[in-house]
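One structure is given here, and the rest of the page talks about it.
The values are calculated or read from the model by the stated rules, or taken from the named source; none is laboratory data. This structure is a prediction, so every number in the text was calculated from the model and none was measured. Note that we place each Cβ from the backbone using ideal geometry, even for glycine, and neighbour counts take in every protein chain shown.
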There are 2 protein chains.
Amino acid sequence: MPQPRKRATIREVAKATGLSPASVSYALRGMQVSEETIERVRRVAAELGYEADPIARALASGRTGMIGLLCGSLEDLWQQALAVGIGRALKDNDRYALILDATGDPSRERTLARQLRDQRVDALIVQPVDPAAPLWAELCESLPVVSIGDSLAGARTAGEVVFDNRAGVTLALEHMRDRGHRRIAVLTPTRASTPDRPADVHVLAETARLGLDIEVVTAPQALAAATDVARRMLAGGHRAFFCFADSIAYGVYAASAEQGLRIPADVSVMGYDDHPMSGLLSPGLTTVDWDIDGIVRAAVRLVVAAADGNTRRRRIVQAPELRERGSVG
Amino acid sequence: MPQPRKRATIREVAKATGLSPASVSYALRGMQVSEETIERVRRVAAELGYEADPIARALASGRTGMIGLLCGSLEDLWQQALAVGIGRALKDNDRYALILDATGDPSRERTLARQLRDQRVDALIVQPVDPAAPLWAELCESLPVVSIGDSLAGARTAGEVVFDNRAGVTLALEHMRDRGHRRIAVLTPTRASTPDRPADVHVLAETARLGLDIEVVTAPQALAAATDVARRMLAGGHRAFFCFADSIAYGVYAASAEQGLRIPADVSVMGYDDHPMSGLLSPGLTTVDWDIDGIVRAAVRLVVAAADGNTRRRRIVQAPELRERGSVG
DNA sequence: ACGGTTCACTGAAACGGTTCACTGAAACGT
DNA sequence: ACGTTTCAGTGAACCGTTTCAGTGAACCGT
C-alpha cells in the first residue's frame, strides 16, 4: 500500500508567515485582509506547495464547488452525449461535475441522489428516472436541483429544462400515420413503475386520437439488449416501430439487418432524441430532435446561477423538431 | 437558498444508546464490540435516520470507498462506453465511481488527477492522455493507480491493462496494404506533444516496413469536428484512412457521404476500437477490436483488489482482433 | 481629548467522524 | 489467591479547514 506523502497544512503556512491560520484562510480567498498580506501569503503558500484540502474545506464550509449530475441511464447514447456536454460546459464555467449513473433504477436513483447531497455538491442536475418520487421534494429542501426532461412533481426545483413531449409524440405519431402506418410497436426505456408518466400518457392520448393500434413494450438502451427486444417484436410480426430513444431504434436496425429485412422497405423506424450517429446510418434515422446543445446550455446556466445563490426559478420548455431522414417507409 | 435540514450525528446516536461515540463508530462498522451492542446500535441508528457523513468520514479516515476514473477524452464514443461499463462493473462490486473527463488536455489531466487524489478516492483508473508525464510517478506514491491503454512510464502502478498496439497497428496496416492501399492518411486523436508515443512509433515502424506512404494528422473525436478534418483530407485527394479511434472514422463516413463518395468503392476506412455502432453502419466499419468487456472486467478486478490493499501488481496485455466488415475496398 | 468607526488580524469553537491508548471487569489456569 | 489474558467499552486527540465574535490600534470629526 503506497504511503500518502505528507502535505503542507494551513497551519504550516501560518507559521511560515507569522500569521494565524484564520488569516491565511481569509487571505487565500482574498477576503478581510490587506492586499500586501494577501500577496505575501500567496507567495509563501506557493513556495510550500500548499493547496487547501477539499475534504476539510467541505466539512467546514459545506461547499465544494462541484455540481452533481445524476443521469437516468447512461446506456443511452444520447444521455451519454448530454453528460459529456454538460461536463464540458461546466468546465468552461470553472465548475466541475460529478457524473453518476442511476442505471434506470429508481432505488439506485434515490441512493445516488442522497449520496451527492452528502458529498456537499453545490447543486444538482438530474434527469429523473422517476419524476414523481417524493425524494425530489426532500432533496430540493437542502440544495438547488435542476431537472432535465420531466418536471419534478411537488418539488421546489431551482429550474427545469423540460421537453414538450406532447408535441414530440404528436410529431412522431402523425408522421407515421401520414406514411400509412396503423399498427405500431412503441418501445420505451425501462423505467419506474409510475404508470402515468407524462410522455406515456401523451402516447396513449395521441394514438387514440389518430386511431392507431399500438403495443407498448419496454426496452433497455444498450444495443445488444435493445436488439433482443426488437428481434422478438419482428418475430411477432411488427414492422413499424416508434422508439422512445434513438439508442433503442439502433436495436431495430440491428435486428432487421440480421433477418435480412430492409429499412424502410420492409420495416419502418422512428427514434426520439437525435443522437449524432442517427444521421450516419443508412437510411438515416427519422427522429425527433431536441437541440441537445440548447439543453446543455440552458441546464448549465440554470444550475450555475442556482449554485451562486441566485434564487430566480425558471422553467424552459424545449420544442421538438422532426428530423426526417428516410427510415419511415 | 434552501436550508440544509439538520441530520442526526454520531453523538446523538451515542446519547440515545448510552454509549460513547467511539463505540457507536465501531459498532456501525461491526468491530470491537459485542454482537448484542452492534444490533442495538444499528436499530437506534435506523430509528434516528442516522447515516455517517461521508465527508467527515473521509477527513478522519482518509478513505471514501470511491474509485476515481479519469478518462482521456469522453468525446470518443468508445471511451464513453468504457466509462459506462466500468461504472456499472464497480457498482456490482459495491463501489462507486467518480468519472472525470480530461478532454484530451494534459494539463487538465494533471489538475483532475490531483483533485481525485485530494478527494481521497481509494484508487484510480486512468486512461492516460500523456502516459509519459512525471505526474503518474507522483500519484502512484500516494494511491493505487491502474492504467488502461498505455503503460505509465516510470511509475509504480498497481496494475495495467495495456493494448498490444504493435499488433493492432500491424493488423490494420497489413489489411490495408493487402487491399492494395499505399497512400494512407492516419488520423490520430489530439494528444500530448509527446512525440514518441508508443502507438505512433509503431505506425511509423510498420509503414516503413510495409513500404507505405502515410500522412499523419490529428483529429478530435467529436463527430462534427472529425468530419471537418476528414473533409479537408478528402479535398486533399486522400481516399484511404486509418483512424486511431472509431469515432474519428465516423467523421470519414460523414464527410464522404456529403461529397457523394461511396465507401468502400471510392473511399476506404479503417477504425480502431470497435464501438457497437461500427457494426450498424453500412458498410460496417472494418476495425481493430479490443474486447471492451474484457478490459472493463480486468481493470475493475485490478482496481478493486488494489483498493482492498492487495499489492500484487499485474500487467494484462490485450490482444487485438481484426473485425472485417467491408469498409476497406 | 474623546467617543465612534474602520481596519487588520486572532483565538477558539465548530464541522462529524475515526483511532489510539487505556480501563475495569470477568474469565482463566495453576 | 494470584497474575495473566481477553473483552467491551471509553476519553480525548486528531483530521484540516472555516467562521464567529472579538481585540487592539490607528484614524476620524468635533
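General observations
- 3 or more residues in the same structural domain as B:D273 (by TED's automatic domain parsing), touching a residue at least 60 places away in the same chain (Cβ under 8 Å) and under 21 Å from A:A97 (Cβ atoms): qualifying helices (runs of 4 or more DSSP H) within segment B:94-200: none
- Some residue of segment A:19-39 being β-branched (V, I, T) and assigned by TED's automatic domain parsing to the domain that holds A:L302: no
- Candidates B:A89, B:A123, B:A113: the one that is over 20 Å from B:N310 (Cβ atoms), more than 8 Å from every other protein chain (Cβ to nearest Cβ) and among the hydrophobic types (A, V, I, L, M, F, W, C) is B:A113.
- Scanning segment B:257-291 for residues that are under 19 Å from B:Q221 (Cβ atoms) and either in a strand (DSSP E or B) or among the polar types (S, T, N, Q) (or both) gives B:V269, B:M270, B:D273, B:S278, B:T286, B:T287, B:V288, B:D289.
- Out of A:S34, A:S73, sole residue that is among the hydroxyl-bearing types (S, T, Y) and either more than 11 Å from chain B (Cβ to nearest Cβ) or within 12 Å of DNA strand C (Cβ to nearest atom) (or both): A:S34
- Residue pairs meeting the criteria (Cβ under 6 Å; at least 6 apart or on separate chains; first under 11 Å from A:L28 (Cβ atoms) and within 14 Å of chain B (Cβ to nearest Cβ), in segment A:39-56; second away from DNA strand C (no atom under 14 Å from the Cβ) and of a type in the set (A, V, I, L, M)): A:Y50/A:A8
- Complete set of residues in segment A:69-81 that are of a type in the set (G, A, S) and modelled with pLDDT under 95: A:G72, A:S73
- When B:A305, B:A254, B:A299, B:A230 are screened for being without any contact (Cβ under 8 Å) to a residue 40 or more places away in the chain, among the small types (G, A, S) and either in the same structural domain as B:G104 (by TED's automatic domain parsing) or not in a strand (DSSP E or B) (or both), only B:A254 passes.
- Exactly one residue out of A:I86, A:I55, A:I67, A:I125 is within 23 Å of B:A58 (Cα to Cα), away from DNA strand D (no atom under 16 Å from the Cβ) and crowded, with 20+ Cβ neighbours inside 10 Å: that is A:I67.
- Sole exception among (1) touching a helix residue (DSSP H, G or I) at 6+ places or on another chain (Cβ under 8 Å); (2) more than 10 Å from chain B (Cβ to nearest Cβ); (3) more than 10 Å from DNA strand D (Cβ to nearest atom); (4) outside any loop (DSSP other than H, G, I, E, B) for A:V24, by number: (3)
- Matching residues in segment B:275-322 - criterion: being basic (K, R) and surrounded by 17 or more Cβ atoms within 10 Å (Cβ to Cβ): B:R301
- Test: residue in segment B:238-246 that is among the acidic types (D, E), crowded, with 18+ Cβ neighbours inside 10 Å and touching a residue at least 60 places away in the same chain (Cβ under 8 Å): yes
- Condition met for B:D274 (in contact with a Phe, Trp or Tyr (Cβ under 7 Å, 6 or more places away or on another chain) and within 14 Å of chain A (Cβ to nearest Cβ)): yes
- Among the residues listed as A:E12, A:E39, the single one being in a helix (DSSP H, G or I) and either away from DNA strand C (no atom under 13 Å from the Cβ) or on the phi > 0 side of the Ramachandran plot (or both): A:E12
- A:P2 falls short on exactly one of the conditions (1) within 14 Å of chain B (Cβ to nearest Cβ); (2) modelled with pLDDT of 90 or more, and that condition is (2).
- Looking across segment A:208-227 at every residue that is touching a Leu at 6+ places or on another chain (Cβ under 9 Å) and in a loop (DSSP other than H, G, I, E, B), the one that is surrounded by the most Cβ atoms within 10 Å (Cβ to Cβ) is identified as A:Q221.
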